[in-house]
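The values are calculated or read from the model by the stated rules, or taken from the named source; none is laboratory data. What you see is a predicted model; the values in this text were computed from it and never measured. Cβ placement follows ideal geometry from the backbone for every residue including glycine, while neighbour counts extend to all protein chains displayed.
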Amino acid sequence: MTANRKTILITGSTDGVGRYIAERLAARGWRTIIHGRDRARGEAVVGRIMKQGGEARFLGADLSSLAEVRSLADAVRRDGDGLDALVNNAGIGTSGAQRELSADGFELRFAVNYLAGFLLTRLLMPMLESGKSARIVNVASAGQQPIDFSDVMLTHGYSGVRAYCQSKLAQIVFTMDLAKELAVRDVTANCLHPATYMDTTMVRLSGVQPISTVEQGGAAILQLIESEALAGRSGLYFSGMQETRADRQAYDEDARRRLRALSFDLVGLADPLTARV
Ligand SMILES: NC(=O)c1ccc[n+]([C@@H]2O[C@H](COP(=O)([O-])OP(=O)(O)OC[C@H]3O[C@@H](n4cnc5c(N)ncnc54)[C@H](OP(=O)(O)O)[C@@H]3O)[C@@H](O)[C@H]2O)c1
């Protein structure tokens, strides 16, 4: 073990673009925490990294359960190596016409793609803050649908595309809100659309013909994790390598406040800002 290595947790790094960036970062000297549900796939990624002389370990957790998110955060804390970057990348795509529920009874894409990352970030915040210039990167999408606060769990008019796009905008609204909260602290939060229809399991399952490579999307995520030019910059949304604007709801203070209140309520945590008042 090399003491001066930085540590990164990448959710959903047993497959797709998450696995790609994990292998790239490990090759550059990062200590990588590989995460997914499938231990065999996770151990295979760890094995490949170790064979190349890198450092990695696998932590399994199904993000459709908030209890498993908490266990994952506990395991990262127990690891004791600090945390310099957190990439909330795990996700499920648009496929499937039937509305599904998480273990906690929430609409599944909202739970896995957004709420799990919200809770994981909140639980790991003390670790991120105790490091030096830690970075949070939320892997969202150009597919964005405003959050319907009257029916966040999509009990009416459900479609997989709508659920996916709402969950992805929720990640972006969260990023903007978090960046504002972290403004006086040494942690940044940014988000992105990595690339359009990369050749990954998620895209193949949706029946769409891939038009980008994981290398293209991976480069965009790596930029947010490592770029010196982005040091200290926070609350940004990128499409690929370019900084741009997300859906207008991401800049709506009222939407941020409502999503924040709802999210703390759903995960059963106290809002540190409200608690301080
Ligand atoms: N592909 C694209 O073109 C594209 C475009 C825009 C945004 N994105 C975003 O990029 C991210 C990565 O997508 P990808 O295309 O690389 O997808 P992918 O190849 O399907 O990989 C998804 C990863 O998420 C994990 N995951 C899924 N459900 C999980 C759950 N319930 N609990 C824990 N882990 C879970 C999977 O782990 P298992 O091994 O356990 O299945 C896998 O490691 C996603 O957030 C996606 O929305 C992708």
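Quick check, is Met198 away from the ligand (no atom under 16 Å from the Cβ) and either among the aliphatic types (A, V, I, L, M) or within 26 Å of Tyr20 (Cβ to Cβ) (or both)? Before you say what the answer is, go through the steps one by one.
Details: away from the ligand (no atom under 16 Å from the Cβ): no; either among the aliphatic types (A, V, I, L, M) or within 26 Å of Tyr20 (Cβ to Cβ) (or both): yes.
For Met198, the condition - away from the ligand (no atom under 16 Å from the Cβ) and either among the aliphatic types (A, V, I, L, M) or within 26 Å of Tyr20 (Cβ to Cβ) (or both) - is not met.
For Ala183, are the conditions met, namely being assigned to a loop (DSSP other than H, G, I, E, B) and in contact with a helix residue (DSSP H, G or I) (Cβ under 9 Å, 6 or more places away or on another chain)? Full working, then the answer.
Numbers: assigned to a loop (DSSP other than H, G, I, E, B): yes; in contact with a helix residue (DSSP H, G or I) (Cβ under 9 Å, 6 or more places away or on another chain): no.
The answer is no for Ala183.
Select, from Ala103, Ala27, the only residue that is within 12 Å of the ligand (Cβ to nearest atom) and either of a type in the set (A, V, I, L, M, F, W, C) or at pLDDT 95 or above (or both). Don't jump to the end; show me each part of the working.
Values: Ala27 fails: within 12 Å of the ligand (Cβ to nearest atom).
Matching residue, one of Ala103, Ala27: Ala103.
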Ala189 of a type outside the set (Val, Ile, Thr), more than 13 Å from the ligand (Cβ to nearest atom), modelled with pLDDT of 95 or more and surrounded by 15 or more Cβ atoms within 10 Å (Cβ to Cβ) = yes
Is there any pair with a first residue in the range 187-206 that is assigned to a loop (DSSP other than H, G, I, E, B) and a second that is within 8 Å of the ligand (Cβ to nearest atom) and hydroxyl-bearing (Ser, Thr, Tyr) whose Cβ atoms are under 7 Å apart and which are 6 or more apart or on different chains, and what are they?
-> Ala195/Ser212; Thr196/Ser212; Tyr197/Ser212
May I ask you to list the residues in the range 129-140 that are surrounded by 24 or more Cβ atoms within 10 Å (Cβ to Cβ) and without any contact (Cβ under 8 Å) to a residue 60 or more places away in the chain?
-> Ala134, Ile136, Asn138
Is the range 63-80 home to any residue that is of a type in the set (Asp, Glu) and modelled with pLDDT under 95?
-> yes
Only one of (1) farther than 26 Å from Asp148 by Cα; (2) part of a loop (DSSP other than H, G, I, E, B) does not apply to Leu224, and that is (2)
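If you go through the range 72-81 one residue at a time, do you hit one that is within 15 Å of the chain's Cα centre (by Cα) and part of a helix (DSSP H, G or I)? Break it down stepwise before answering.
Of the range 72-81, the ones within 15 Å of the chain's Cα centre (by Cα) are 72-73.
From the residues that got through so far, the ones that are part of a helix (DSSP H, G or I) too are 72-73.
Yes, the range 72-81 has at least one match.
Mind listing whichever residues of the range 115-146 are within 16 Å of the ligand (Cβ to nearest atom) and either at pLDDT below 95 or more than 12 Å from the chain's Cα centre (by Cα) (or both)?
If we filter the range 115-146 for residues that are within 16 Å of the ligand (Cβ to nearest atom), which is where we start, we get 115-121, 123-124, 136-145.
Selection gives Leu123, Leu124, Ala142, Gly143, Gln144, Gln145.
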Restricting the search to the range 17-35, which residues are surrounded by fewer than 24 Cβ atoms within 10 Å (Cβ to Cβ), closer than 23 Å to Thr213 by Cβ and among the small types (Gly, Ala, Ser)?
-> Ala27
Could you list, in sequence order, all residues of the range 175-186 that are aliphatic (A, V, I, L, M) and surrounded by 23 or more Cβ atoms within 10 Å (Cβ to Cβ)?
-> Met176, Leu178
For Asn89, all conditions in the list (1) surrounded by 18 or more Cβ atoms within 10 Å (Cβ to Cβ); (2) more than 14 Å from the ligand (Cβ to nearest atom) hold save one; what is the number of the exception?
-> (2)
Would you point out the residue of the range 1-22, among those that are at pLDDT 95 or above and among the hydrophobic types (A, V, I, L, M, F, W, C), that is farthest from Ile225 (Cα to Cα)?
-> Val17
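Please determine, by comparing only the residues of the range 210-236 that are in contact with an Asp or Glu (Cβ under 7 Å, 6 or more places away or on another chain) and buried (at least 17 other Cβ atoms within 10 Å of the Cβ), which one is farthest from Lys132 (Cα to Cα). Lay out the reasoning, then the answer.
The first filter runs over the range 210-236 and keeps only residues in contact with an Asp or Glu (Cβ under 7 Å, 6 or more places away or on another chain), leaving 210, 213-214, 236.
Filter once more, so that each one left must be buried (at least 17 other Cβ atoms within 10 Å of the Cβ): 214, 236.
Working: Val214: 29, Leu236: 20 Å.
By that ranking, first place goes to Val214.
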Please list, ordered by first then second residue, the pairs with beta carbon atoms under 8 Å, 6 or more apart or interchain, first in the range 143-157 and touching a residue at least 12 places away in the same chain (Cβ under 8 Å) and on the phi > 0 side of the Ramachandran plot, second basic (Lys, Arg) and not in a loop (DSSP other than H, G, I, E, B).
-> Leu154/Arg162
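In the range 237-261, what count of residues is obtained for those that are part of a helix (DSSP H, G or I) and either crowded, with 16+ Cβ neighbours inside 10 Å or among the aromatic types (Phe, Trp, Tyr) (or both)?
Of the residues in the range 237-261, 7 are part of a helix (DSSP H, G or I) and either crowded, with 16+ Cβ neighbours inside 10 Å or among the aromatic types (Phe, Trp, Tyr) (or both).
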With the condition kept exactly as written, say whether any residue in the range 152-164 is within 13 Å of the ligand (Cβ to nearest atom), at pLDDT 95 or above and charged (D, E, K, R).
-> no
